[in-house]
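One structure is given below, encoded as structure tokens.
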Amino acid sequence: MSLLIWPIALPIIVGALVFCAPRGLAKYLKWFSVVAAATTFGLCITCVAEAPPSWTVNGEVLLALDGLGSLVLLGVGFFSLLMTLYSAGFFKPGDISESYYYGNILLSVGAACGVAVASNLILLALFWGLLGIPLYLLINTGSERGNTVAKKTLLILGGTDSVLLLGIAAFFVSTGSFDMLVKSQVPVVSVAAWFGVICIIIAALAKAGAMPFHTWVPDASETAPVPAVAMLPASLDKLLGIYLLARVFLTMYHIPNSVKIACMLIGAGTIVFAVMAAMMQHNLRRLLGFHAVSQVGYMVLGIATGTAIGVVGGLFHMLNHAIYKSCLFLAAGAAEKRTGETELARMGGLAKVMPLTFVAAVVAAFAISGIPPLNGFASKWMVYNGIIAAKDMGFVWVIVLVAAMFGSALTLASFVKVLHSVFLGQPKEPRQAGKQPGILMLVPMLVLSGLCILLGIFAVRLGVNKIILPALAGIEGIDEAAFNQTLAGSWGSGTATILLIAALIVGLIIYLFSTFTRAREDESYVGGEVGTRAEMYNFEGVEFYKTVGEMPLLKNLYKQADAKWYDLYEQLRRTTFYITGWLRKLHDGVLHTYVTWCVVGLVVILWWLLYSYKILGRAF
Amino acid sequence: MKILTDLWAFLIFPGFVFMAVLGMLVSWIDRKVTARVQYRVGPPLLQPLWDLLKLLGKETVVPRGASRLAFFGAPLIGLAGAVFVGTMVGVAMFFGEGFYGDLIVAIYMLVLPSLAIIMGGIASKNPLASVGASREMKLIVGYELPFILALLVPVIQSGGQLRLTGLLEHQYANGSFAASISGVIALVVVILCMQAKMGLVPFDQAEAETELTGGALIEYSGPALAIYKLTKMLMFYAVPMFVVAVLWGGFGGLTAWGIALGVVKYLVLVVLMTLIRNTNPRLRIEHAVKFFWGVVSVLAVCSVVLAAIGTYLGIEWM
């Protein structure tokens, strides 16, 4: 028995126990789950540290751990622990059924760990599919909307899971093995290889939530409980989807340039279109959900360049995204808990009453918008350099680079809207300084925002050299030497941070030697109006980009997006219903119709039989 | 010791102090030219300095119920960003130093002063300031697309160079990028974007004195307002200098003659900005965004395509 089984088995067994826990134990379940998640994280660390031998049955390697798997395993353990902690502080008794919620959470932890350590592709597909079940159950919270969205999620993920199985079969045809850790680097020339590459990439993109398989992410973000969203679509699913994509690109196949270019374009399109959609959202969770789609674009783009710095940047972005996006969801959860709202129009002014949450949210929002020197900037910057380094693919780099950089400005725009409508701006009702989010909720947020800063300042020294490059050990062309060669004298975030702090100190000195210390409070000036008349003037987040949304071409685009023209699932659903609509017309319950169809069918069969036995041909 | 020289560069030359002096000088030129256009005498040379010092002595007022952290923190972000860009450009031009990919860092840092105005606006708990902030953000979204496109022209022409020093060296060796058709178009596009970045008429919707009474900055007073004004002066140095370095040949070599030529180019850009702002009315925000996403972006795309074709076929004048 290898040690590698334990991070999978422990949470699944405990999860099953939690599921069956009697009602009387409900209030202890959260602590029980926190301990289980912490133990799992501990097991993950042990596995990575001890590098245990792989688990082999009948000569088939089932579980094994290499660099990339270790990275994902640690990430899964870490984020699961933080989210379970947050959940323990987030839900009041009676909000949810504890056994149902924590059981599902632990089950997803086990399945995600399974994906990270699986070496056999069939086993990977098993855990991959298993991960969809708790997600379905967590989204399906009982409301009608939750039911629809859960069904949609299950269909998209389940559908692409079957595509993954086809891809695995094709991989087996090419290599004669299900072991994906063996560096087979199948050249993509045969039909089987092409089929395999395309199928597995589709599955990876759907799990990560890239376009055009993205539509379940914003919907699920809106309906599932916040900590579950922060854990599954925002962090674990991204880690796993990009993990599989990286495996396809780095070890399983030798990817031709045409596939790289196609993936780069998918990435660039995902960045821009998803962020355009995000800008116009009025629901905080949905907005964050669209960003969870948009950011995938950078990861896909980075990995698809195939250059050392691009791949490192893409994987680094995967990690960074999980950090700041889950932090943002957690902050959104804290705001939601405080106000009971998710609509931007009904929040506002929370910075004054929840200062620590505000600070965490600002750091994460700036990180996702790529403000230097935070971690989001560091990884985006690497992806950009990777794009430029991939010049051998023609001028496609110009298009994707512009899309990626412009997408960054749009990301900033929609987070300005969030910060305005949730934390700053004009509050809809006077906010009393009341209860802060509890320590269990604050700690994960502050840890994550601290990581945003830390991984930003020490992007190369800590993020790349200590985390990403060891994960890519053994992959040709991507090592410290190749990385440093491209980046001789690179973006020194450490120096830059010291300089930026120096500038802040200059500013502070200006403050301190002036009237700043004697600041006076006064009502804000609203064109001379006072009292209730001044409060009538209110600028809501909904209005922020209204003028942009009403511009000629965009207006149509947004209208079509609202009508779900660009929702692959919705289109398929409509097509299905259109076809079944015709079939339904045939099912009218009138005997004559059925008899007619039977006769027509018989005639067709008879004609075909006669024709195939050359009876008809000879007769004519 | 590297960090000490970096700090010296950042705070004294060619960073903060140098930029502040030059920025004040240039904002004086801006005001003087404006005055001459309007048949006025204009302020004395030291007026920008006196303005700043006076603001430092004025009372600080905070809107009731606003987050003080965001309200007072916001101006500092902009100051830091402006000094950083100015230092990067200055170090590249004067000392020929830089790091890999600093062009991208510069593009991102150039957003910080605008972000500072936005954060200050939304932290003011004032609807007029929020309107101003939303306009500033829309403007950024508008001009950022053509700005990035136009800045890719030199990158393409130099064969994927992402270092400011690399771009400068390429220009010292092969002549300025603006000497080609694509370069000229890119320069025009960048000048228009620069006008918006600086928040000068016709792109001053965020402050719009007549309708928003100062917009995003409406609640600011005293030292915090002084920092915003100072940031704007620093940007008056940093942005045109960045354009000269990236597109217009830099100093044309580090000789006295070259530096004089660089200063002349820089002053031409400054006077051009002043003249544009004095001869145009303010656009409405949706018109501004439409302008940048329409005509200007099309121009920028043309320049990128020309540059790509020119580089591919090896035609220098394209």
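A few notes on this one:
- Flag for B:L200 being within 11 Å of the chain's Cα centre (by Cα), modelled with pLDDT under 90 and either away from chain A (no Cβ under 14 Å) or more than 25 Å from B:L152 (Cβ to Cβ) (or both): yes
- Considering region B:159-188, and only residues there that are closer than 22 Å to B:Y108 by Cβ and within 11 Å of another protein chain (Cβ to nearest Cβ), the residue that is surrounded by the fewest Cβ atoms within 10 Å (Cβ to Cβ) turns out to be B:G160.
- Looking across region A:325-360, the residues that are touching a Ser or Thr at 6+ places or on another chain (Cβ under 8 Å), within 26 Å of A:Y298 (Cα to Cα) and of a type in the set (G, A, S) come down to A:S326, A:A331, A:A332, A:A360.
- Scanning region A:143-179 for residues that are closer than 12 Å to A:I200 by Cα and in contact with a helix residue (DSSP H, G or I) (Cβ under 7 Å, 6 or more places away or on another chain) returns A:T160, A:D161, A:V163, A:L164, A:L165, A:L166, A:G167, A:I168, A:A170, A:F171.
- Among the candidates B:V91, B:V83, residue that is in contact (Cβ under 8 Å) with a residue 12 or more places away in the chain, facing chain A (nearest Cβ under 10 Å) and not acidic (D, E): B:V83
- Residue within region A:108-123 that is on the phi > 0 side of the Ramachandran plot and outside any helix (DSSP H, G or I) present: no
- Enumeration of residues in region A:124-163 that are without any contact (Cβ under 8 Å) to a residue 12 or more places away in the chain, outside any helix (DSSP H, G or I) and at negative phi: A:N140
- Remark: B:V131 falls outside the filter, which requires a residue to be more than 23 Å from B:L234 (Cα to Cα), in contact with a Ser or Thr (Cβ under 9 Å, 6 or more places away or on another chain) and either buried (at least 24 other Cβ atoms within 10 Å of the Cβ) or not basic (K, R) (or both).
- Identity of the residue in region B:13-59, among the basic types (K, R) and more than 14 Å from chain A (Cβ to nearest Cβ), that ends up surrounded by the fewest Cβ atoms within 10 Å (Cβ to Cβ): B:R40
- Which listed residue is touching a Pro at 6+ places or on another chain (Cβ under 8 Å), facing chain B (nearest Cβ under 10 Å) and modelled with pLDDT of 80 or more, from A:Y545, A:Y537, A:Y511: A:Y511
- All positions within region B:113-126 that are within 8 Å of another protein chain (Cβ to nearest Cβ), buried (at least 24 other Cβ atoms within 10 Å of the Cβ) and touching a Ser or Thr at 6+ places or on another chain (Cβ under 9 Å): B:I118, B:I122, B:A123, B:S124, B:K125, B:N126
- Between A:W128, A:W194, the distinction of being in contact with a Gly (Cβ under 9 Å, 6 or more places away or on another chain) and under 26 Å from A:T270 (Cα atoms) belongs to A:W128 only.
- Residue match in region B:35-43 (condition: closer than 24 Å to B:L168 by Cβ and of a type in the set (A, V, I, L, M)): no
- Within region A:307-348, if we keep just the residues that are touching a residue at least 24 places away in the same chain (Cβ under 8 Å) and of a type in the set (S, T, N, Q), the residue that is surrounded by the most Cβ atoms within 10 Å (Cβ to Cβ) turns out to be A:N320.
- Restricted to helices (runs of 4 or more DSSP H) entirely inside region A:359-459, those with at least 2 residues that are within 11 Å of chain B (Cβ to nearest Cβ) are A:375-389, A:396-418.
- Yes/no for B:G73 being facing chain A (nearest Cβ under 7 Å) and surrounded by fewer than 23 Cβ atoms within 10 Å (Cβ to Cβ): no
- Residues in region A:517-534 that are more than 9 Å from chain B (Cβ to nearest Cβ), of a type in the set (D, E, K, R) and in a helix (DSSP H, G or I): 1 in all.
- Helices (runs of 4 or more DSSP H) within region B:223-318 that include 3 or more residues surrounded by fewer than 17 Cβ atoms within 10 Å (Cβ to Cβ) and away from chain A (no Cβ under 14 Å): B:256-278
The values are calculated or read from the model by the stated rules, or taken from the named source; none is laboratory data. These numbers were taken from a predicted model, which means no experiment stands behind them. Neighbour counts run over all protein chains shown; Cβ positions are idealised from the backbone, glycine included.
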